[in-house]
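Okay, structure first, notes after.
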Amino acid sequence: MLKKLKIAIALLCAFLLLPIQGFADMVEGDMIVTLGENLTEQQKNLLLAEMEAPDDVQIIYVSNAEEHQYLGNYIAKSLIGTKAISSSAITVGKEGSGLEVKTKNINWVTDEMYINALITAGVKDANIYITAPTSVSGTAALTGIIKAYEISADTTIPEEVKQAANEEMVETAELGESVGQENAAALIAKIKEEIAKNAPETDADLRAIIEQAANELGITLTEEEISSLMALFNKLKNLDIDWNQVGEQLNQAKDKISKFLESEEGQGFLDSLKRFFVGIIDAIKSLFGGGN
């Protein structure tokens, strides 16, 4: 993990002094881009082309100082580094469309982890693309996306909620090293769903939710991991977070997966998967000289 983090952690947070008035009228389909301040001109142009950004796209430049501001509490300063290079494009979505995240050259934080943390921060109805010129951990991208969303939606997300979302993302990525990235993201989402349905009143209630969620997903947690998750969710449930919205956004994310699997593209994917496994079974049968 340390080597990955040393590659490049670029926190995509917008300058607080940038004028917001010019972004307040953004509508569905409009894009806002965050670019790392230390990108070369060639890298900037390549990333903008990769994002298919229009010539007049609004751009926020992100500094390494802002990276340290938002990740300094969760990752060693030496690991954050001295350059901001990661970038993102946020496209305003249709109301009620939910969140969609795609990444390129991000090797530690998964799409699902971003979605989870962004939902915690209150971000909704947006298509988000996160990229970098070279392979990076991706831990730093969250804050910039949140700040760009604030500008595009003309809203303000409380500072403590932004910090909590960053902490959640790092916590999930670290948990993913022991239980698997997909398992970690699924576990966080499931715990959130349960909290949205029935907020725990005591630590015992919260522990029960965490243990039950892990059990249902077939995940074995250490006592240290349970304690760490309890500390995180105790912090989250004491913040000004709209848990009803959290539940709705999580359901929308699940709906997108279901709709994909039911679509022609999704069915084609499933058919390809079936053929793949049939091929493996046939190869095993041939090894043992039997077709029965």
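Observations on the structure shown:
- Selected residue [at pLDDT 85 or above, closer than 22 Å to residue 117 by Cα and open to solvent by 70 Å² or more (accessible area, probe 1.4 Å)] from 238, 183, 234, 215: 238
- Condition check for residue 250: among the aliphatic types (A, V, I, L, M) and farther than 17 Å from residue 99 by Cα: no
- Residue list for the range 107-136, filter: of a type outside the set (Ser, Thr, Tyr), in contact (Cβ under 8 Å) with a residue 24 or more places away in the chain and part of a helix (DSSP H, G or I): 112, 113, 115, 116, 117, 118, 119, 121
- Selected residue [modelled with pLDDT of 90 or more, over 23 Å from residue 37 (Cα atoms), among the hydroxyl-bearing types (Ser, Thr, Tyr) and buried (at least 20 other Cβ atoms within 10 Å of the Cβ)] from 131, 172, 91: 172
- Selected residue (criterion: surrounded by the most Cβ atoms within 10 Å (Cβ to Cβ)) from residues of the range 186-199 that are of a type in the set (Val, Ile, Thr) and more than 13 Å from residue 225 (Cα to Cα): 191
The values are calculated or read from the model by the stated rules, or taken from the named source; none is laboratory data. Worth saying up front: this structure is predicted, and the values here are computed from it rather than measured. Methodologically, a virtual Cβ is constructed for each residue, glycine included, from the backbone with ideal geometry; neighbour enumeration extends over all protein chains shown. Side chains are part of the model used for accessible areas, which takes the heavy atoms of the whole protein and leaves out ligands, DNA and RNA. Shrake-Rupley method; radii C 1.70, N 1.55, O 1.52, S 1.80 Å.
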